[in-house]
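For reference, the structure discussed in these notes is given below.
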Amino acid sequence: MQLGTPWADGTASISQCAINPGDHFVYRFKVDKPGTYFYHGHLGMQRSAGLYGSLIVDVADGQREPFRYDGEFSLLLSDWWHQGVHEQEVGLSSSPFRWIGEAQSVLINGRGQYNCSLAAQFSNSSSSSTGQCEFTGREQCAPEILTVEPNKTYRLRIASSTSLQSLSLAIKNHAMVVVEADGNYVQPFSVDDMDIYSGDSYSVLFKTDQDPTMNYYISASVRGRKPNTTQALTILNYKPNSASDPPKLSPPVAPAWNDYAHSKAFTSKIFARVGSPAPPTSFDRRIVMLNTQNNIDGAYIKWAINNVSLILPPTPYLGAIKYKLKNVFDAANPPDDYDREYDVMNPPVNRNTTLGSGVYNIELGSTVDIILQNANALAANVSEIHPWHLHGHDFWVLGYGEGKFNEKEHERSLNFKNPPLRNTAVIFPYGWTALRFVADNPGVWAFHCHIEPHLHMGMGVVFALGVHRVGNIPREALACGVTAKMPMSNVTATNRG
């Protein structure tokens, strides 16, 4: 959450300057809540290049989780391209536009396969040219095996740092009980497979109650996009079986990539655990954010929110606002709403958008509702999944819906009884998602689509609140842009310990 340390949020041009090659920056912050998290670079498309890792926060000494288990594992899911991220970034900013394409591999804990499969024996040899992967276990791309004992309960921590792909995770013949989402406990519920979007994190419990003489596949399959990327696999290895013994049963079969009803059924089961904080009963401000794909100058393709495609300034917002610097970013505030006559079911009539670096100034302590409204992209009959992630705060997910959000029609359907607390929420194609949060953490915070190329193309906004309450910004966080020219007496000399 970065309570009191917004400069340690790691968002280049928002909370700090980028760390130059050969330099270093010490991130020091208070860990205030147990749970399953991950970290990643936030400059350009560094996450796509592999700059990410798991971050597990255990409960404090003397405290206990509200569930029991005998052991735990962590799975960090990601995707991988053979093309470098610099070439990807150039293509996304070029005319003609060059899309990054689908990933060559999905990775589990940084390991994946290409041009071979862990389950080739189950492929139709007449239609597949992919052979069996042959591993000794010492190769860098060899799968990380999960070795378990029969008749035990295990916790599986899962996080997705994917650049593009939404995924479905399953363990062959093993049910999973979801108990945590984004560091918050949820009402336990059982699933055979689960959707995981970029930015999501979960904990599930599973029992090793299947035939102990066999091993089983664990799979991560692409959802929400036509799956041109091979299913990622690793193995659940029951002791004392050899980890090299191939499973006798085929890998899990993923739901159809465009079976959104299946995805919505999963999200509709996520509720806050009894005793979790409840949302305020009313809001002070509501911001409705129309997600559209547009053009700049009739050529460049961008994503925009309320017809503004985000560009970031050379000077971080945090320092610029704290020290009241002028002409550093756009003074105009972005719109709180869009023209409700806009047809979200069809391509835009006016395809053009504008670039902007303005911020939403939020009153500290206020309750803010955000309605994420999805729409048709530039091409006909195309609307994409967008997982949105908020920095510095959790929010309550009040509900999801189809078509265009309408206050009179949809307000009654929102869940104020037990909505889950999250930091990432998805909007489905041609749908809307309603969120509520209390703006109680002073700083400047990004709110953006967690799909890496979408953010690179402008799909994000910036919230600023209570920045006058922020103190002791480290010098290294402001050593760029206009703030680099400020007298050093104005900022904290160092954050090194």
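The values are calculated or read from the model by the stated rules, or taken from the named source; none is laboratory data. Predicted model only: the values in this text are computed from it and were never measured. Positions of Cβ are generated from backbone atoms using ideal geometry, with glycine treated the same way; all protein chains shown enter the neighbour counts. The accessibility values were calculated without ligands, DNA or RNA, using every heavy atom of the protein model including side chains. Shrake-Rupley method; radii C 1.70, N 1.55, O 1.52, S 1.80 Å.
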Computed D for region 63-272, Stokes-Einstein, Kirkwood radius over alpha-carbon pairs, 4 °C, 1.567 mPa s, to the nearest µm² per second, is 71 µm²/s
From the helices alone, meaning DSSP H stretches of at least four residues, give me the mean residue ellipticity at 222 nm for the chain, per-run term -39500 (n - 2.57), in deg cm²/dmol to the nearest 500. -1500 deg cm²/dmol
Would you mind working out the accessible area per residue for the chain, using a 1.4 Å probe, and quoting it in Å²? 43 Å²
Over 19 Å (Cα to Cα) among Lys152/Lys172; Lys207/Lys417; Lys226/Lys248; Lys324/Lys485; Lys326/Lys485 -> Lys207/Lys417; Lys226/Lys248
Note to self: C-alpha centroids of region 321-335 and region 45-71 sit apart, in Å, by 36 Å
Taking 0.36 nm per residue of separation between His468 and Asp23 and subtracting their Cα-Cα distance, the length gained on full extension comes to 157.4 nm
Extending each Cα 7 Å along its Cβ direction at Val274 and Glu87, get the distance between those two points in nm, one decimal. 5.7 nm
Mean projected area in nm² (Cα convex hull; one quarter of hull surface) for the chain: 24.8 nm²
Between Ile145 and Val382, how high is the FRET efficiency from 1/(1 + (r/R0)^6) when r is the Cβ-Cβ distance and R₀ = 41 Å? Nearest 0.05. 0.55
Eligible lysines near Lys30 by straight Cα distance, threshold 25 Å, same-chain separation 8 or greater: Lys322
At a Cα cut-off below 21 Å, give the lysines reachable from Lys404, other chains included and same-chain residues fewer than 8 away excluded. Lys264
Inter-probe distance in nm under a simple model that places probes 7 Å from Cα toward Cβ, at Ser190 and Ala175: 0.1 nm
Identify the residues of region 356-389 with backbone N under 20 Å of a label point that sits 7 angstrom from the Cα of Asp32 along the Cα-to-Cβ direction, or state none. 362-369, 389
With every protein chain in place, the chain: carbon and sulfur % of accessible area (1.4 Å): 51 percent
Please give, to one decimal in nm, the separation of the simple spin-label points placed at Arg286 and Asp211, each 7 Å out from Cα toward the Cβ. 5.6 nm
Expressed in whole Å with the largest first, what are the equivalent ellipsoid semi-axes of region 285-494 derived from the C-alpha gyration tensor as the square root of 5 times each eigenvalue? 31, 22, 13
In nanometres, the difference between 0.36 nm per residue of separation and the alpha-carbon distance of Phe416 and Ser123 is 100.8 nm
Counting only Cβ distances under 4.7 Å between cysteines, those in the chain with no partner are Cys141, Cys449
